């Protein structure tokens, strides 16, 4: 699994950003290999963004080469440079099933 943490500053107000996130969510549900996307707001620094969970490097890289990724700057009226950190998942704290629910072990 591959993780991406991305944040940005925007000219839009809070409500406009949330509405844009909601409107674009359906498009992200169609991204091949995107297991989950968490929409986030760093309140201390007033930055918005997302934590992405991809099933592979190939899926992650394909997303970043897509039109959907390229459209983020305009969609959110981003100011300055976004912050993007890519990381490989080593292991989870809790084991989860294919729906992201914690697996219960019976011993």
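Read-outs: derived from the displayed coordinates by stated rules, not from any lab. No experiment lies behind these values; they were computed from the predicted model shown. All Cβ positions, even for glycine, are placed from backbone atoms using ideal geometry, and neighbour counts span all protein chains on display.
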Linear extension gain, residue 26 paired with residue 39, 0.36 nm per residue minus alpha-carbon span: 3.4 nm
Below 8 Å, C-alpha to C-alpha, sequence gap of six or more: please give me the relative contact order for the range 33-82 in percent. 29
Average Cα contact separation per residue, the range 1-55, under 8 Å, 6 or more apart, as relative contact order %: 53
Label model pair residue 93, residue 13: point-to-point distance (7 angstrom along the Cα→beta-carbon line) in nm is 3.6
Relative to the first principal axis of the alpha-carbon coordinates of the chain, what is the inclination of helix 14-29, with its axis defined by its Cα atoms, in degrees from 0 to 90 and to the nearest 10? 50
Output the Kirkwood hydrodynamic radius of the range 2-88, Cα pairs only, in Å rounded to one decimal. 13.2
